[in-house]
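Below: one structure, written as structure tokens.
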Amino acid sequence: DGGITQSPKYLFRKEGQNVTLSCEQNLNHDAMYWYRQDPGQGLRLIYYSQIVNDFQKGDIAEGYSVSREKKESFPLTVTSAQKNPTAFYLCASQPGQGQETQYFGPGTRLLVL
Amino acid sequence: GNSVTQMEGPVTLSEEAFLTINCTYTATGYPSLFWYVQYPGEGLQLLLKATKADDKGSNKGFEATYRKETTSFHLEKGSVQVSDSAVYFCALSSSGGYQKVTFGTGTKLQVIP
């Protein structure tokens with residue numbers, strides 16, 4: 001079955017630690033996105049990538065980093081510079097230009113110890 | 001810039017009641033409009049979409065009509081079920097290319113038997 005997978009489902013971060021959230025898709029989609037979801041708020045865009053080896057900052061990129069070495073993978077690193085990382089993180093992909101529907105993974109909930 | 005405003009929740013309805021969730025938008029040009037649904041602990045799924053004025057999107061008994069004159073895309077369902085309990089997000093995407101999607105803050109719907 002085609003889809004988007006995110007792992008882990010839950011992730012715990014200690015103070016000063018970097019953690020990496022995985023996002024993989026086998027839909028052959030060109031574009032991939034990372035969003036952060038906080039209670040009572042909509043989705044806020046962290047980073048997005050339209051093609052391999054290229055990515056752009058979204059609205060709240062500070063304290064986060066990404067890479068896009070393969071078309072199917074778009075991992076997100078939450079660095080120690082992100083002072084309030086507790087949130088639900090959603091990865092999404094989009095087929096191509098002119099195809100505006102985004103397809104979402106099941107999400108990763110990040111908690112700080 | 002683009003923005004989406006949707007009604008505050010939570011909305012609590014009895015089973016078989018009529019549902020309306022209001023959504024209005026601000027955007028340049030002619031955006032595409034979407035409703036996404038998020039069940040507890042999961043990612044978002046596309047519920048329906050409309051790509052031009054007067055289009056009606058529909059799926060699973062839900063409907064929404066793209067009203068350019070009132071910049072609205074209200075979600076309706078004639079008879080809700082307990083299984084419809086979820087958070088509903090209105091969203092827009094400017095036409096063409098890898099445009100960023102702008103999401104509303106979400107409206108939580110709870111349907112009681």
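Every read-out reported here was derived from the displayed coordinates using simple, explicitly stated rules and does not represent laboratory data. Model, not experiment: these values are computed from the prediction. Every residue, glycine among them, receives a Cβ derived from its backbone with ideal geometry; neighbour counts consider all protein chains shown.
A few points about this structure:
- Restriction of the trypsin sites (Lys or Arg not before Pro) in the range A:33-113 to DSSP coil positions whose beta-carbon has at most 13 other beta-carbons within 10 angstrom yields A:Lys83.
- Legend: mean number of C-beta atoms from other chains within 10 angstrom of residue C-beta atoms, peptide A:100-108, equals 6.
- Sorted by Cβ density within 10 Å, fewest first, the residues A:Glu24, A:Glu69: A:Glu69, A:Glu24
- At 1.002 mPa s and 20 °C, Stokes D of chain A from Kirkwood alpha-carbon radius, µm² per second: 153 µm²/s
- The mean number of partner chain beta-carbon atoms within 10 angstrom of a residue's beta-carbon across peptide A:84-90 is 1.
- Largest mean-square fluctuation among A:Leu21, A:Leu45, A:Leu90, in a Gaussian network model of chain A whose springs join Cα atoms under 10 Å apart, belongs to A:Leu45.
- Convex hull per residue volume in Å³, alpha carbons only, for the range B:51-113: 105 Å³
- With the convex hull of the Cα atoms taken as the outline of the protein assembly as shown, the averaged projected area works out to 12.5 nm².
- Cα gyration tensor shape of chain B, rounded if a/c is under 1.5, else prolate or oblate by comparing a/b with b/c: prolate
- Among the GluC sites (Glu not before Pro) found in the range B:19-112, those both in a DSSP coil and sparsely packed, with 13 or fewer other Cβ atoms within 10 Å of their Cβ, are B:Glu69.
- Of the trypsin sites (Lys or Arg not before Pro) found in the range B:5-59, the ones in coil according to DSSP and having at most 12 other Cβ atoms within 10 Å of their Cβ are B:Lys52.
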